[in-house]
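I have placed the structure first, in the form of structure tokens, so that the comments after it can refer back to it.
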Amino acid sequence: LTPDDSLRQEISNNARVITDGEALRKAIHQERRKGRRIGLVPTMGALHEGHLSLVRAARKECDCVVVSIFVNPTQFGPQEDFRKYPRTLESDLEALAGADVRWVFVPSATQMYPEGFSTYVQPPKVASPWEGECRSGHFRGVVTVVLKLFLLAPADVAFFGQKDFQQLLVIQHMARDLNVSVDIRRCPIVREPDGLAMSSRNRYLNNVERQRALGLFHALQTVEQQVADGVRDTRGMVEAMQKTLTDAEISRIDYVTIADAETLEPIQRLDREAVALIAAFVGKTRLIDNCLLNV
Ligand code: PAF
């Protein structure tokens, strides 16, 4: 076997499921000492093609990939879906079986939050608007768990989906502000053939709601069309998105905006990289979607 062959053989084996954070940290350090590049894909499980695309991106760039699966209680509000959030470990492991993943890290809640846990990360400024306003405490839970994952799985690179656009910015700022030496990669949104952004929460939708949910994608398409037509004033764009959502019988809208893609402050004119952001309820299910707008 050449060194390349043995590496290939090693990574074609099934992933090792690790529940102990210390064991994972040791295993990763061992590989890093051998010069291997480590990629981390943090997830809450209920894996779909969007997650698998993150794993593929990680495999492309890294020698060893670790996927974490942990439904993080601290990022759910008291009225949110923590209890009913899908927990599908068996099918998640099946989905990862052919994906060249080295470790699947599945910590217990008590391991991540032992008795007496009381230290939280204060999220950066970019966490304040939009999701930050609608889901109080959400980003505090996200940055806290992500920092813990970065410490337990000391990777070179971590992969996140653009679907949670604000989360991505929040994690980038946290990593920069706290000198965390993990590169953050943004990976494209993966959509169903009809355009619905893939999400673990899509499984909550019944058939009628599944159809209505397309309103989010169509609203974003409306804006993309306006940009292609040369529109630069964002007021009409926001109105058009709202109308598309209402026409799709989506009436409970948390926010619809065009914002600066770095600061997330709303903008009046498209004169820099911007992002169209939507959060709305379809039935009882809260969905988010976005698209980048370049002029
Ligand atoms: O995007 C998610 O699935 C979660 O917010 C994350 C990043 C795994 C933290 O729990």
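The values are calculated or read from the model by the stated rules, or taken from the named source; none is laboratory data. Treat the numbers as computed from the prediction; the structure is a model and nothing was measured. All Cβ positions, even for glycine, are placed from backbone atoms using ideal geometry, and neighbour counts span all protein chains on display. To get the accessible areas, we keep the full protein, side chains included, count just its heavy atoms, and leave off ligands, DNA and RNA. Shrake-Rupley method; radii C 1.70, N 1.55, O 1.52, S 1.80 Å.
Residue by residue, here is whether (1) modelled with pLDDT of 95 or more; (2) outside any helix (DSSP H, G or I); (3) more than 17 Å from Asp156 (Cβ to Cβ); (4) among the aliphatic types (A, V, I, L, M) holds:
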{"position": "Asp5", "(1), (2), (3), (4)": "no, no, yes, no"}
{"position": "Ile11", "(1), (2), (3), (4)": "no, no, no, yes"}
{"position": "Glu22", "(1), (2), (3), (4)": "yes, no, yes, no"}
{"position": "Ala27", "(1), (2), (3), (4)": "yes, no, no, yes"}
{"position": "Gln30", "(1), (2), (3), (4)": "yes, no, no, no"}
{"position": "Arg36", "(1), (2), (3), (4)": "yes, yes, no, no"}
{"position": "Leu40", "(1), (2), (3), (4)": "yes, yes, no, yes"}
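Within the stretch 28-46, the residues that satisfy the criterion of being of a type in the set (A, V, I, L, M) and away from the ligand (no atom under 13 Å from the Cβ) are Ile28, Ile38.
Take Ala155 and tell me if it is in contact with a strand residue (DSSP E or B) (Cβ under 8 Å, 6 or more places away or on another chain) and of a type in the set (Gly, Ala, Ser). Answer is yes for this residue. The set of residues from the stretch 201-216 being under 13 Å from Asp289 (Cα atoms) and open to solvent by less than 40 Å² (accessible area, probe 1.4 Å) comprises Asn202, Ala213, Leu214, Gly215, Leu216. Among the numbered conditions (1) crowded, with 17+ Cβ neighbours inside 10 Å; (2) out of contact with any strand residue (DSSP E or B) (no Cβ under 6 Å at 6 or more places or on another chain), the only one that Arg176 does not meet is (1).
Could you run through the stretch 268-295 and say how many residues are open to solvent by 10 Å² or more (accessible area, probe 1.4 Å), outside any strand (DSSP E or B) and not small (Gly, Ala, Ser)? Summing the residues that are open to solvent by 10 Å² or more (accessible area, probe 1.4 Å), outside any strand (DSSP E or B) and not small (Gly, Ala, Ser) in the stretch 268-295 gives 7. Set side by side, the residues Glu249, Glu224, Glu262, Glu209 differ, and just one is of a type in the set (Asp, Glu) and either over 23 Å from the mean Cα position of the chain (by Cα) or assigned to a strand (DSSP E or B) (or both), which is Glu249. A count restricted to the stretch 142-167 and to residues that are near the ligand (Cβ under 9 Å from one of its atoms) and either of a type in the set (D, E, K, R) or surrounded by fewer than 20 Cβ atoms within 10 Å (Cβ to Cβ) (or both) stands at 2. With the condition kept exactly as written, say whether any residue in the stretch 151-173 is aromatic (Phe, Trp, Tyr), in contact with a helix residue (DSSP H, G or I) (Cβ under 6 Å, 6 or more places away or on another chain) and outside any loop (DSSP other than H, G, I, E, B). Yes: one or more hits.
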